[in-house]
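Taking it in order: structure first as structure tokens, then the write-up.
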Amino acid sequence: MITVYVIIASILFLLLSMLLEWVDRKVYAHVQHRVGPFVTGYHGILQPLADFLKLMNKEEVIVEGSDEFLLHAMPILSLSLVLFALLFIPITSIEGILSLRGDLIIILAVSVIIHVLYIVTGLSQPSFFASVGAARWGQLLVSFEVPLLLSVASAALVANSITLSDIVSFQISNFPIGFFAPLSLLATLFSSLAKLEKTPFSIPDAETEIAGGWLVEISGRRLAIFRIVTDAKYLLLSSLVVTLFLGGPSGPVLPGLEPIMYTLWFLIKLIIVAMILSYIRGIVARYRIDQAIRLFWFRITPLAALNLVVLIVLSTIGVI
Amino acid sequence: MTWEEIAQIIISIFIILSALAVAETKKVVRMALAFCVMSILIAAMFLILSAPYAATFQLAIYAGFIPIIILVAIALMRGGEGIED
């Protein structure tokens, strides 16, 4: 039975991540006074699906000298990993489809392992651009994971648990954690932008500098899968922000209609967070790699650490 | 034999195989990836042995961060051309 749930949920997650990509492109276009995708479906809502199908039909080129086995394995592995992490997110109730003790750390670890696979993809191509992109991914990764872990730690500290269902039920019975950890929320948003390589931190695949970076020799079906992995990661990080800081699926609920109302509240919050991320992407320009690392280590990590220290003091004297 | 014992035996075999892959593979990128796989399998073993916290920290540190440090070192040496074969 759980297999059926997992298959249906995976398809729904893929469709939802395509919807998020449409929201992202629409917001980005409207910030720049364009209309964005408009032809396929209502206001271009089917455009991500059309792009995906078009890329699936393209010819695949594998450059001589690249590691074919790894290049074939990486897209599938990263897609399955990101879908596995999404199964833990609580949407229709306070528990996800999968739920076990300490699943918050599993989600964080899986989202790091996906980046390991990205770096391996970059290193298995013979191109110099791909090696530079992979090196940039690694340098960026060690700088943005620290504030992300600190802010997640402060959310776990307030709820006194590292299990997502406990964190959500704490927020339903008390208050959204974002009220007590606004700086952590900010740090998580910035780290999410870097994890999604959106514009201020689109350093590993900067088109104008290194011609696509770690994706430079990837084409056809594998490029399609990598793009949908990026979309699913967008869904994963936005829903992680919603779950940890904004109360998850909680909200005013009619009795008897809990699953539907929970899903509705979750989707509303999810789309708001996704629109904020797209808006930031639209109004700023790309950092150099040293500027990004300096921003994370000297600005955002201290903010997240400050919030964590304040929360530790507050919980020691018994306020929360 | 319960299903847990069967799973333990199968996972143990794969742990040994991936550890051998770490030692025996010629390409250094595949080595790092095999190390990552081995750590994930050890985490699964901890989970079967009903130690979820040990499993999660094994997953976060050994499967997440150690391969990244190895891969960053490789990437900064320009794909490790000097090391392969």
Inset, instruction - Rounded to whole Å and sorted largest first, list the principal axis extents of the Cα atoms in the protein assembly as shown. - result: 63, 62, 47
Legend entry - Added length on full extension, which subtracts the Cα-Cα distance from 0.36 nm per residue, A:Tyr42 to A:Thr3: 10.7 nm
Legend entry - Environment charge at A:Glu59 (Cβ cut-off 14 Å; Lys +1, Arg +1, Asp -1, Glu -1): +2
Legend entry - Average Cα contact separation per residue, chain B, under 8 Å, 6 or more apart, as relative contact order %: 30 percent
Inset, instruction - Can you tell me the FRET efficiency between A:Phe298 and B:Leu20 if r is taken as the Cβ-Cβ distance and R0 is 41 Å, rounded to the nearest 0.05? - result: 0.40
Inset, instruction - Could you pull out the pairs from A:Lys198/A:Lys269; A:Lys54/B:Lys27; A:Lys26/A:Lys198; A:Lys26/A:Lys54 whose alpha carbons sit more than 24 Å apart here? - result: A:Lys54/B:Lys27
Legend entry - Kirkwood hydrodynamic radius of the range A:129-228, from inverse mean 1/r over distinct Cα pairs, in Å: 15.5 Å
Legend entry - Within chain B, helix-based [θ] at 222 nm, where runs of 4 or more DSSP H residues each add -39,500 (n - 2.57), nearest 500: -23000 deg cm²/dmol
Inset, instruction - Using Cα pairs closer than 8 Å and at least 6 residues apart in sequence, work out the relative contact order for chain A, in percent. - result: 27 percent
Legend entry - B:Ile11 versus B:Phe65: modelled label distance in nm, points set 7 Å from Cα along the beta carbon direction: 2.3 nm
Legend entry - Cα Rg over Rh - the range B:3-80, Kirkwood: 1.05
Inset, instruction - Express in nm, to one decimal, how much length is gained between A:Ile62 and A:Arg288 on full extension, taking 0.36 nm for each residue of separation and deducting their alpha carbon distance. - result: 78.3 nm
Legend entry - Dipole moment magnitude, nearest 20 debye, chain A about Cα centre, only Lys, Arg, Asp, Glu C-beta charged: 660 debye
Legend entry - Positive minus negative residues near A:Leu164 (Lys, Arg vs Asp, Glu; Cβ under 13 Å): -2
Inset, instruction - Within the set of other residues whose C-beta is less than 10 Å from the C-beta of A:Tyr28, count the net charge using Lys and Arg as +1 and Asp and Glu as -1. - result: +4
Legend entry - Pairwise label distance in nanometres, B:Met1 with A:Ser173, each label 7 Å out on the Cα-Cβ vector: 4.4 nm
Inset, instruction - Compute the length gained on full extension between A:Ile272 and A:Leu314: take 0.36 nm times their separation in residues and subtract their Cα-Cα distance, giving the result in nm to one decimal. - result: 12.1 nm
Legend entry - Expected 222 nm ellipticity per residue - DSSP helices of 4 or more, -39500 (n - 2.57), all of chain A, to 500: -22500 deg cm²/dmol
Legend entry - Folded to 0 to 90 degrees: helix A:68-86 orientation relative to chain A principal axis, Cα: 20 degrees
Inset, instruction - Please turn the phi angles of the range A:32-45 into ³J(HN,Hα) values with the Karplus equation 6.51 cos²θ - 1.76 cosθ + 1.60 (θ = phi - 60°), one per residue in order, whole Hz, x for glycine and proline. - result: 8, 6, 10, 9, x, x, 9, 8, 7, x, 5, 6, x, 5
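Here, each number is a calculation from the coordinates, and none is a lab measurement. Quick caveat: nothing in here was measured; it's all calculated off a predicted structure. FYI the Cβ positions are ideal-geometry reconstructions off the backbone, even for glycines, and counts take in every protein chain you see.
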